[in-house]
Amino acid sequence: MAVTADVEQAYKQFLEGPLLAAAAGGDAAASSDTAPRSADPATTPLLSPPQLAELPPAACMQATCRQRQQQQQRRQVVLLIDAVDEADPPRTEEPQTAAAAAAASPPADPVSSTGEVKAHGHVTDAAAAVQPRYNGNGAEAAPPPPAPPTVDVCGNRVFQLISRQLKHLPRHVRFIFTCRPDGMGGGIAEALERTFRAHGGVSFMTLQDLKHCNVVDAGSSEGVGGNGACTAAVRNTGQQLPQQECWRAQEPQEQQYRSGGMGGSDTSVGGGVLVYHAVASACPATAPLPPLSRPPQFEDLHRAYAHVFAAALGSLEAATTTRTATAVAACSNGGGSAALPALEPLLPSPQPVTQPRHPFSPPSIHPTDAAADTMQTQPQPTAALSATTRSLLAVLLAAQEPLSQSMLHSMGFAGSALEQLPGFPTLFYVNEHHAYLLHQSLAGWLSDPAASGPFAVCVEQGHALLAAQLLSVVCPPGGSNNRGVSNSNSSKVDGSNEGAVVIGADDGDGGNSSVVSIGNGVSSISGSAAYALKYLVRHLVACGDNAALERLLRSFDFVAAAFQLGHGGGLIHDLIRAPEPTVTPAVADTLRWLLSSQHELVQATSVEDVVATALRCPPGTAVFRLAQARVNAMAAARVAGMAAAEGVQQRRCWHAWWLAHALVAPQTWAAKRSLFQGHSSLVFCVAWSPDGRTLASCSHDKSVRLWDAGSGECIAALEGHEGDVLGVAWRPDGWALASGGADGAVRLWDAASGECAAALQGHTGPVNCVAWRPRGPPLLASGGDDKTVRLWSGVGAALQCTSILQGHADFVKALAWSPDSSSLASLGGNQAVLLWSDPWVSGGQPTATLQLPGDEAPRSLYTGFGLPDYMIARLGVAWSPDGRILASCSSDGVRLWDKARSRCMTVIKAIGFTPPNSVAWSPDGRTLATGHSDNTETVQLWNVRLDIPGGEPCATSTGSFNAEMALGVAWRPSGKLLASCGGKTFELWDPASVAAATAAAANSHGCSSGGQLTGQHQPLATSSAGGGGGHTNAVHAVAWSPVDSRLLASASSDKTVRIWSDGVCTAILKGHTHAVNCVAWSPDGRQLASGSDDQTVRLWSTDSGTCLATWESPDRIVVSSVAWRPDGSMLASGSWSGAIQLREVPSGSCVAQLKGHSEWVVSLSWSPDGGRLASSSNDAGVRLWQVASGACSAVLQGHTDWVPAVAWRPGGGAVATASLDRSVKIWDPDTGECTATLQGHGGGLTGVAWSPDGACLACSGADMAVRVWDVASGVCLTTIHGHAREVNCIAWSPDGSSIASGSKDNTVRVLVAAADDS
């Protein structure tokens, strides 16, 4: 019988259906479009074989497939995930001074429903704990509150895997989780319940419950059944937690869980420290542990470890109950030593049990009197650990992951060394050729001399040993590649190692002594090399070997390989953890580079890409100098190889270029600390977590993102809003954050898990802002386009709207609570500020309205673009830290209001900027930051002085942070960093970079105590990329003087033409009223011509700097290009109309118009004899004109996109064109044929220039690079990086020694060719 299509389909489903279902997961996996099934396949009766035989073949096959799925679902799969809490990241607190710690501590006084004040886990007297309020005159200042708990934001990666992926497995998959109740900061229970709420729920039980629970049919409706259901065994907790109490809003960890995890003091829970029993099994039969009369606790576990170690040394002394005061060395063979009381932890004195520092490294814990009977005997070692054993233990403890036996063998630890460890193979064991510890508590015990006494090991020694071994892997002595992997590509004649990532250290001359390479990609790297790329920096930092660390970080190959394998974020984290006093300048320099370029480094695909990011560092930094040496060495090797292999002629040394001048770029690191990229659209708001470790940002892309403030790594993307997210704010305790969106919803997010805990509905329009009350029970305020402010309060995530504050006549744009929580300020779109005193009890009526006569909604820069109001009219409001002054954004600047008198004290005028749309006070109250969104895209800092008479600022701004569209600004709680957001990114700035200017302002305007605010302000001088005579906007054109190769002219969007001599600005030619697009020298070098958006051509004297003539464009349109005839008798200019004007000089009369282009004429070039003119246009065409007749002699067609540049070869005979299609074409002007095409840029080309001898071409492009080509061979001699944005123009000096380039980064860079013999 022929097999029908139905049978084939059924058979295919029979083979693939169950596998696909297992892979897909969730409810969708339990259904099938092709196989009919009952409503509940798990309970559908199965057909017997005779019944199946009676069915048609196709139906029989479908029924068989369906029954296999039913059987699979009835055979449930149980996944046990043990110790979820152990995935919590270790606590790594940043060192802070006392003042900084106080400044970084937000107010948080959780108050229970009974009136008790719970200050971070301790119930205290309410009257004593409540912080005093300000009295309105600022006479009584509130003392700093206690520091908030450190929150590991989305730090538990195991839970992230559970909540985002594992929960979607098919319904027949069940889970059992074990965890300590303080996992994820005490929120593990509620997080699991929230994750599995829609998949069958969670049943919580203790270990005692598990011992007595009845087995329930998993397929029934009782027990823990249901799709994706799980059982969470929360260790050492005596009761199931009510869901309302789990969201760690009101109950601190110590109050919720009295036992605090394994080894706690609550002995009512059966089982105790279970790992104790495994340790006891490692004791020899001749020396067993004494029996216990109660469940084992931490002190028993410590005693068991000591017993095993003492027994392994070969002798046990007689039992004793006396104490010993013998001192032992904590470290041997390096790492220092310390006098420690030997065996003190073995015979502890009775003390109260304390909470462990962290889960796996508890302090010495002493038993109570009830456990005294367990201390009858204690082992006393008569021999010390050998040096080899102690070193091996130190290495195992310092290791960041299980080490392979081969790696240990290479370090000199033979296979028998592991077997000789105390407690092997229980406390230490080998699995799949890797060495493991039984439990992390063993590492905590060994590394704590107070707990392990004579058995303590120095972990620093282990870090040093591992670092030395890993350095020998990446840089073995003698340069032999004997520990790495395939080096198949390292012998390429060009020296570029294309396709290979080399791990090595650059020498001082830019050469490379690398000896280990990833020749065939990351898959071919050895285990030791992979470990080195991930952890070598961490070990060097831990052991304090700064010299080796500095040498390692000089290797661009090492950095490239680390980022290629995804370890870049960890590398940055490790460098940040280095103690600040010990960091060398070179290491600090490298860290600044990694922070500022990390997003580019993550996307880098080669070492060349990594070096390119280093070349964009300030020229005065060590990283830049090293990168420049490296790229020139690579170019020299490549050109030498090509010369030998292909006969490429080396002319001068145009493969090697050194930066001579950066006009005018900062020579050292500017104020920008790091750039955060990840959002796909406009970023509206940024907020710091109370501990200053995490940043939250919200965006037009409908997401909230959480970022590690130190490394810039995106921790999580929180999605749930159905529209733009307009505001975000952290709860004062740091455990949650709120966001408001254009969908009218306010969402609450759990910080530890990153999950949405609640969605609050009530607003009838977009929610523009959210703000938490800093003191007292959690109270959230939200303001929106419905002209109302809503207050939300409640327990945990169950917040309810308790008040609706009405009174605004326009949209509510910003909210701010006073520091003492007594007042709420709300700013409307009409610039009116409403004050609400105790708004939760004031009946919803404002107590004051702060507004000036004639106020109205400020005009936005983006009015008329069809954007929603919430996107184009951003405003801000902020209280001074003492609560006396309120700053609000307005159309006339920043207004400062006296709260006590409800009057405007002064207005900080927006000098040179558009009105501010964000404002923030520094934590010390001395500096006010404002954000602006005009073309300058700046953040302005103001030094507010309280005692200077007068009502006007004493000085204008001398600079600014060059932020990108600063819609929001926010200070770090410590006041050391400032965040600003706008565009698709946000930045961190270091205000300390302007400390000198701040000190100078303070010296000239002293401040006496007790003065009242009089309105005088001093704007702080800040760093700017265009300071000191440089351009302040994009550079569009550069041109060398034909008679003096030291003189360079540049034209910019800042409306000026500047003349430079040896890197110094000697003249600024002002007169154009709009951006200047082009500039050209007369053949005699005495005049300059420029064309502008103001539709004019201006003629300038280079001697006096005066404007000699102004010629308007005949068609009244933008002038985009100018070019002098070689004899100086005529000037050609091109415009956006597509026409070319030929003018006589000096009369300026237009003698001819050349028409033919259909789009802008963007570049012009004369033939050397002056008889022909070449023009390029945005119509993708190039035309050659006969000047005498005005006729077009040739149309050069071949480009597929705009042609921004055209250049006639100095000796004639060729024309070069550069196009946005990423190609350079060389044409024969006589035949009109394309003779060569050069390709290699990563973006569209913007400029082209010939070398004086016509042998080479220099090209600029949108990929921020300049490339130099050998025309005869078509080979790229070198690629020069350095500009931070697109390179708009390029020019080669007449003597051939220099290349100048101008960029959108506002700078001009002058490169000098290396000497012939270098």
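The values are calculated or read from the model by the stated rules, or taken from the named source; none is laboratory data. Please read these numbers as outputs of a predicted model, since none were measured by experiment. Methodologically, a virtual Cβ is constructed for each residue, glycine included, from the backbone with ideal geometry; neighbour enumeration extends over all protein chains shown. Surface accessibility is based on the protein's heavy atoms, side chains included, excluding ligands, DNA and RNA. Shrake-Rupley method; radii C 1.70, N 1.55, O 1.52, S 1.80 Å.
In whole Hz, what ³J(HN,Hα) sequence does region 187-203 give by Karplus (6.51, -1.76, 1.60; θ = phi - 60°), x for Gly and Pro?
Working through the residues one at a time gives x, 5, 5, 5, 5, 5, 4, 5, 5, 9, 4, 8, 10, x, x, 10, 10 Hz.
Taking a ≥ b ≥ c as the square roots of the eigenvalues of the Cα gyration tensor of region 1027-1110, is the shape rounded (a/c under 1.5), prolate (a/b larger than b/c) or oblate?
The shape class here is oblate.
With θ set to phi - 60°, apply the Karplus curve 6.51 cos²θ - 1.76 cosθ + 1.60 along region 613-630 and write out the HN-Hα couplings as whole Hz, x wherever there is a Gly or Pro.
Rounded to whole hertz, the list is 5, 5, 5, 8, 6, x, x, x, 8, 5, 4, 5, 4, 5, 5, 5, 5, 5.
Sort Cys1276, Cys1289, Cys1234 from largest to smallest accessible area, using a 1.4 Å probe on the heavy atoms of the protein chains. It would help to have the intermediate numbers written out before the result.
On the way: Cys1276 35, Cys1289 10, Cys1234 55 Å².
Correct descending sequence by accessible area is Cys1234, Cys1276, Cys1289.
Amide H to amide H under 5 Å from Gly975: which residues, 5+ apart in sequence or cross-chain, H placed 1.01 Å off N in plane?
none
Please calculate the 1.4 Å probe accessible area of Arg75, with all protein chains present, and give it to the nearest 10 Å².
Surface open to solvent at Arg75 totals about 150 Å².
In what order, largest first, do Thr906, Thr64 sit by accessible area if the probe radius is 1.4 Å?
Working: Thr906 10, Thr64 40 Å².
Largest accessible area first, the residues go Thr64, Thr906.
Cα-Cα over 29 Å: which of Lys813/Lys1055; Lys909/Lys1055; Lys976/Lys1070; Lys167/Lys787? Can you show the working numbers first?
Working: Lys813/Lys1055 36 Å; Lys909/Lys1055 24 Å; Lys976/Lys1070 39 Å; Lys167/Lys787 41 Å.
Exceeds cut-off: Lys813/Lys1055; Lys976/Lys1070; Lys167/Lys787.
Determine the sum of side-chain charges near Phe455: Lys and Arg each +1, Asp and Glu each -1, restricted to other residues whose C-beta is under 11 angstrom from that of Phe455.
Numbers: positive: Arg390; negative: Asp448.
Summing Lys/Arg as +1 and Asp/Glu as -1 gives 0.
For region 651-802, just run the numbers: alpha carbon Rg, then divide by 2.2 N^0.38 Å, N being how many residues it has. Could the numbers behind the result be given before it?
Details: Rg = 20.3 Å, N = 152, 2.2 N^0.38 = 14.8 Å.
The value comes to 1.37.
Starting from the amide H of Ala1214, placed 1.01 Å from N in the peptide plane, find each other amide H under 5 Å away whose residue is 5 or more places distant or on another chain.
Under 5 Å from the amide H of Ala1214: Arg1209.
For Thr906, enumerate residues with amide H under 5 Å from its amide H, sequence gap 5+ or separate chain, H modeled in the peptide plane.
Leu896
Rank-order 726-735, 675-684, 969-978 by packing density, defined as the average count of other C-beta atoms within 10 Å over each peptide's residues, highest first.
Details: 726-735: 24.9, 675-684: 19.1, 969-978: 22.6.
So the order, starting with the most tightly packed, is 726-735, 969-978, 675-684.
In sequence order, what are the phi-derived ³J(HN,Hα) couplings for region 439-450 according to the Karplus relation 6.51 cos²θ - 1.76 cosθ + 1.60 with θ = phi - 60°, rounded to whole Hz, with x for glycine and proline?
Per-residue couplings from phi come out as 7, 5, 5, 5, 5, x, 5, 5, 7, 9, x, 5 Hz.
How much solvent-accessible surface does Leu274 expose, in Å² to the nearest 10, with a 1.4 Å probe and all protein chains in place?
That residue has around 100 Å² of solvent-accessible surface.
Return the distance in nm (one decimal) between the two label points of a simple spin-label model at Thr582 and Gln400, each offset 7 Å from Cα along Cα→Cβ.
Placing both labels 7 Å beyond Cα along the Cβ direction yields 1.6 nm.
What does the net charge come to around Trp1185 if you take all other residues with beta carbon closer than 11 Å to its beta carbon, with K and R at +1 and D and E at -1?
Local charge sum for Trp1185: +3.
May I ask you to give the percent of accessible area on region 776-854 that is carbon plus sulfur, with a probe radius of 1.4 Å? Can you show the working numbers first?
Values: 1300 of 2520 Å².
In region 776-854, the share of accessible area belonging to carbon and sulfur is 52 percent.
How large is the accessible surface of Thr788 in square angstrom, using a 1.4 angstrom probe and rounding to the nearest 10?
Its accessible surface works out to 10 Å², give or take rounding.
Compare Leu1142, Leu292 by solvent-accessible area with a 1.4 Å probe and give them largest first, with all protein chains kept in place.
Numbers: Leu1142 0, Leu292 55 Å².
The ranking, largest first, comes out as Leu292, Leu1142.
Can you tell me which of 1114-1122, 1150-1158, 886-894 comes out highest on packing, and rank the rest after it, using the mean Cβ neighbours within 10 Å? Numbers along the way, then the final one.
Working: 1114-1122: 19.7, 1150-1158: 15.6, 886-894: 22.3.
Ranking, from highest mean packing down: 886-894, 1114-1122, 1150-1158.
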